[in-house]
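K.L.:
Can you read through this structure? Questions will come right after.
Read-outs throughout are calculated quantities, based only on the coordinates presented, and are distinct from any laboratory measurement. Note that the structure is a prediction, hence the values are computed from the model and not measured. Please note: Cβ atoms are built from the backbone with ideal geometry, for glycine as well, and neighbour counts cover all protein chains shown.
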Amino acid sequence: MLTTLPAPLRATAALLLLVVNTVWWCLLLFALALLRLLLPITAVRRRLDPALNAVATAWIAGNSGWMRLTQATRWQVDGLGALPYRGWYLVTCNHQSWVDIFVLQHLLNRRIPMLKFFLKRELIYVPVMGLAWWALDFPFMRRHSEEVLRRHPEKRHQDIEATRRACERFALVPTSVMNFVEGTRFTADKHAAQHSPYRHLLKPKAGGMAMAIAALGRRFDSLLDVTIVYPDGVPTFWQFLRGDVKRIVVHAERHPIPADCLTDGDDAPDSPARKRVQRWLNELWRRKDERIGATLGGA
């Protein structure tokens, strides 16, 4: 165990293990992705996509390994005990830090099909990982502001088409489609600027979820709603590597997707179906906010 090392050495060891684990598995991932690119046939994709996901699953397992070696974090987790592995999941979670992604992958790996995140377009340029996310068919979203969309409404269709193309590929292999519906990480400044009605959350946005439901709704077995709380304060990624995160509380709830939200392709921004998804999401977020407040002792 490396948990007894001084914090700077522990962070260095954790970062080195993360880099080695990433490079090792990405070499195999890129080889398989190149083969799929050279043979763009559905039958080939059906065989290669599970192999690509298996490589990514092994990478996540390696990350869990170095986390156990370097972190003395106390985990308090409920709601993940009896999740069927097969099938399609829609997954959402509150978003506070890059650490959230490692928490979700650590806890959900091999419990449900591999998580596929909606990512900002700029992240495709992240060295090594950007190419890996592309190889794994993660949808890259341009995330235009409302002001830009008002001036250029045609740009709204860029994200719609990107989501539809990704979901068409997800339909071939059981997948967990992950969407941080707040659209960005929570900060006090963002919370104030939004005039959010929630104490601990930003306003949820139904767009990505509605598009995923429109494309894959009747394949989705359920929504898995995950709540992450850091009782001692939201950590930066470096603090996480240092081992400064003493406790992480995670609660998961599995919900059926309401029948009136199964839109059968109706995902236009002003459609009744989109509004129904938004109302459902608002209610989920209200309960999530109460749960976070209770976990933090009413703070």
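K.L.:
Hey, what do the phi angles of region 44-58 turn into as Karplus ³J(HN,Hα) couplings, whole Hz, using 6.51/-1.76/1.60 and θ = phi - 60°, x for Gly and Pro?
P.N.:
5, 4, 4, 8, 7, 4, x, 5, 4, 5, 5, 5, 5, 5, 5
K.L.:
For a label point 7 angstrom out from the Cα of LYS246 toward its Cβ, which stretches of region 67-102 have the backbone nitrogen within less than 11 Å?
P.N.:
Taking a point 7 Å out along Cα→Cβ of LYS246, the residues of region 67-102 whose backbone N falls under 11 Å are 74.
K.L.:
Obtain the nm distance between the two label points defined at ALA259 and THR184 by a simple spin-label model: each point lies 7 Å from its Cα along the Cα-to-C-beta direction.
P.N.:
4.0
K.L.:
Compute the convex hull volume of the Cα atoms of region 58-151, divide it by the residue count, and report the result per residue in Å³ as a whole number. All intermediate terms of the calculation are to be shown ahead of the outcome.
P.N.:
Numbers: hull volume 14.0 nm³, N = 94.
Each residue corresponds to 149 Å³ of Cα convex hull volume.
K.L.:
Can I ask one more? Taking Cα pairs under 8 Å and at least six residues apart, what relative contact order does the chain come out at, in percent?
P.N.:
Numbers: 436 pairs, mean separation 71.9, N = 299.
Contact order relative to length: 24 percent.
K.L.:
List the lysines whose Cα lies under 22 Å from the Cα of LYS120, skipping any in the same chain that are fewer than 8 positions away.
P.N.:
Cα-Cα hits under 22 Å: LYS155, LYS190, LYS203, LYS205.
K.L.:
How high is the FRET efficiency between ARG169 and SER64 when r is their beta carbon distance and R₀ equals 30 Å, given to the nearest 0.05? Don't skip to the end; give the middle numbers.
P.N.:
Details: r = 26 Å, r/R0 = 0.88.
Efficiency, rounded to the nearest 0.05: 0.70.
K.L.:
If each of ALA31 and ASN282 carries a label point 7 Å out from its Cα toward its Cβ, how far apart are those two points in nm?
P.N.:
For the pair ALA31/ASN282, the computed spacing is 5.3 nm.
K.L.:
Using DSSP to define loop residues, name the chymotrypsin sites (Phe, Trp or Tyr not before Pro) in region 61-138 whose beta-carbon has at most 16 other beta-carbon atoms within 10 Å.
P.N.:
TYR85, TRP98
K.L.:
Here's a follow-up. Work out from phi, with θ = phi - 60° and the Karplus expression 6.51 cos²θ - 1.76 cosθ + 1.60, the ³J(HN,Hα) of each residue of region 166-179, listed in order in whole Hz, and give x for Gly and Pro.
P.N.:
Working through the residues one at a time gives 4, 5, 4, 6, 4, 5, 7, 9, x, 9, 10, 8, 9, 9 Hz.
K.L.:
Still on this structure, please answer the following. Once you put a point 7 Å from the Cα of ALA54 and another 7 Å from the Cα of ARG219, both along the Cβ direction, what distance in nm separates them?
P.N.:
2.0
K.L.:
Let me ask something else. How high is the relative contact order of region 1-136, given as a whole-number percent (alpha carbon pairs under 8 Å, six or more residues apart)? Write out the running numbers ahead of the final one.
P.N.:
Working: 82 pairs, mean separation 44.0, N = 136.
Computed value for region 1-136: 32 percent relative contact order.
K.L.:
Across region 181-190, in residue order, what do the Karplus-derived ³J(HN,Hα) couplings come to in whole Hz, using 6.51 cos²θ - 1.76 cosθ + 1.60 with θ = phi - 60° and x for Gly and Pro?
P.N.:
Rounded to whole hertz, the list is 6, 6, x, 6, 6, 5, 9, 4, 5, 5.
K.L.:
Distance from the Cα centre of region 80-147 to that of region 19-70, in angstrom?
P.N.:
For region 80-147 versus region 19-70, the Cα centre distance is 15 Å.
K.L.:
In vacuum, with every alpha carbon of region 73-295 counted as one equal point scatterer, what does the Debye formula give for log10 I(q)/I(0) at q = 0.13, 0.18 Å⁻¹? Two decimals, please.
P.N.:
-0.78, -1.60
K.L.:
Then there is this: Just round it to a whole percent: the fraction of Cα-Cα distances in region 165-299 exceeding 25 Å. Let's see the in-between values first.
P.N.:
Numbers: 3127 of 9045 pairs.
Value for region 165-299 (Cα pairs over 25 Å): 35 percent.
K.L.:
Right, here's the next one. Given the convex hull of the Cα atoms of region 1-94, what is a quarter of its surface area in nm²? Mind dumping the intermediate values first?
P.N.:
Working: hull surface 34.6 nm².
Computing the convex hull of the Cα atoms and averaging its projections yields 8.6 nm².
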